[in-house]
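See below for the structure under consideration.
The values are calculated or read from the model by the stated rules, or taken from the named source; none is laboratory data. If you're wondering where the values come from, they're calculated on a predicted model, not measured in any experiment. We place every Cβ from the backbone using ideal geometry, glycine too, and count neighbours over all the protein chains shown. For the accessible areas, the whole protein counts, side chains as well, though only heavy atoms, and no ligand, DNA or RNA atoms are used. Shrake-Rupley method; radii C 1.70, N 1.55, O 1.52, S 1.80 Å.
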Amino acid sequence: MCYSAQVRQDYEKYVRQFGATLSIKDYIRLFWDQATKGSPYRIPKAMMDAFAAPADAGTREVHDLIQTWKATQASQLEQELFRQKKRLADAERTLKEKTTKKAQNDQRIATNKIGQLKTKIDDLKRSTPLARDSRIFPGTWCTVLASENGERFVAPMRYQCRPAGKPASYDQRYPGTYNARRDNLEGFWKGQFGRNHGLILVNTFFENVEGDDGANRILQFTPRDGSVMLVACLWSRWVGDDGEELLSFAAITDAPEPEVAAAGHDRTIINLKPEHVDAWLAPDPRNLAGLYALFDDKAHPYYEHRLAA
């Protein structure tokens, strides 16, 4: 399972490289929800930073919504920071008089939260990009290149696919639907495979691996040649009974590359060759064998790994 990855979030990169159209309405809907109701899922900083210099009315609207959210978020974080600083001061004052378990816990928790809050506040103001700004996890929004009715578009999608026509409860019943196994594409994913295909540009990915001592470790895998991975995805446009719309996707995984297996993990996301992108984004549901052939001829850069920070 690819539980996390650093994904290119700059929509202009996808538009230029793949001749896609920016689905501005989907970005406006997402950031409107975030600014007015609060998004239940995290939006990578890099996705928001992509709208820092709006070029037209649509991107200006997204930019303004992001600024509205940032102002609200900054106010909430500052208020919470004040509460935690008071909590820490109260705990330290108590500890000067006597040692209590509650005061020790309050001191520890408040100290940790103060550090986290300061980082979040700094991130709202920071303009210098960091690698973690583009990282996604299950449930995180992500920039995705997709095709629909023969047209390519770029839109924000949640990294956990909820197939169209299924109840919202699928998110809880099938929490692993951020990945789609190759050997189940004509089973669970039959509504998307051969129909709704997408692509994300990945720099590096992360996997949970059990060490010799039984403890979990997070390993980071990166192509040795520095190439950007063209990761094959399936996506869905889900519409609820009340008209609520959700775009979501899953990355397709295959048997592990030898070096990934040697590191202790049993799956690898499918890295398409550039010459196969057009065929992948224009699928023929009557020729699934041709799509599997693209997987068989996937790219095989050597994936170096290291213990993630």
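Pairs are defined by a Cβ separation below 7 Å, a sequence spacing of at least 6 or placement on different chains, a first member in the range 266-282 that is over 24 Å from Phe206 (Cβ atoms), and a second member that is in a strand (DSSP E or B) and open to solvent by 50 Å² or more (accessible area, probe 1.4 Å); the pairs so defined are Leu281/Arg152.
Just one of (1) buried (at least 16 other Cβ atoms within 10 Å of the Cβ); (2) of a type in the set (A, V, I, L, M); (3) farther than 27 Å from Leu230 by Cβ; (4) modelled with pLDDT of 95 or more fails for Val7. It is (3).
The residues in the range 188-219 that are out of contact with any strand residue (DSSP E or B) (no Cβ under 9 Å at 6 or more places or on another chain) and at negative phi can be counted, and the count is 4. Scanning the range 213-221 for residues that are touching a Leu at 6+ places or on another chain (Cβ under 6 Å) and either under 12 Å from Cys161 (Cα atoms) or open to solvent by less than 60 Å² (accessible area, probe 1.4 Å) (or both) turns up nothing. Candidates are the residues of the range 65-93 that are free of Cβ contacts under 8 Å to residues at least 12 places away in the same chain and open to solvent by less than 70 Å² (accessible area, probe 1.4 Å); the one that is farthest from Asp26 (Cα to Cα) is Ala89. Each residue in the range 34-64 was checked for being open to solvent by less than 50 Å² (accessible area, probe 1.4 Å), closer than 16 Å to Ala155 by Cα and over 18 Å from the mean Cα position of the chain (by Cα), and 4 pass.
When you scan the range 130-138, do you find a residue that is acidic (Asp, Glu), under 29 Å from the mean Cα position of the chain (by Cα), closer than 30 Å to Arg8 by Cβ and surrounded by fewer than 12 Cβ atoms within 10 Å (Cβ to Cβ), even just one? Steps first, please.
Of the residues in the range 130-138, the ones acidic (Asp, Glu) are 133.
Within this subset, residues satisfying the condition of being under 29 Å from the mean Cα position of the chain (by Cα) are 133.
If we keep only those that are closer than 30 Å to Arg8 by Cβ too, we end up with 133.
Pick out the ones that are also surrounded by fewer than 12 Cβ atoms within 10 Å (Cβ to Cβ) and you get none.
Within the range 130-138, none of the residues are acidic (Asp, Glu), under 29 Å from the mean Cα position of the chain (by Cα), closer than 30 Å to Arg8 by Cβ and surrounded by fewer than 12 Cβ atoms within 10 Å (Cβ to Cβ).
When the helices (runs of 4 or more DSSP H) confined to the range 229-309 are screened for residues that are among the β-branched types (Val, Ile, Thr) and surrounded by 15 or more Cβ atoms within 10 Å (Cβ to Cβ), those reaching at least 1 such residues are found at 258-262, 277-281. Does Lys120 count as surrounded by 11 or more Cβ atoms within 10 Å (Cβ to Cβ) and modelled with pLDDT of 95 or more? Judged against the criteria, Lys120 is not a match.
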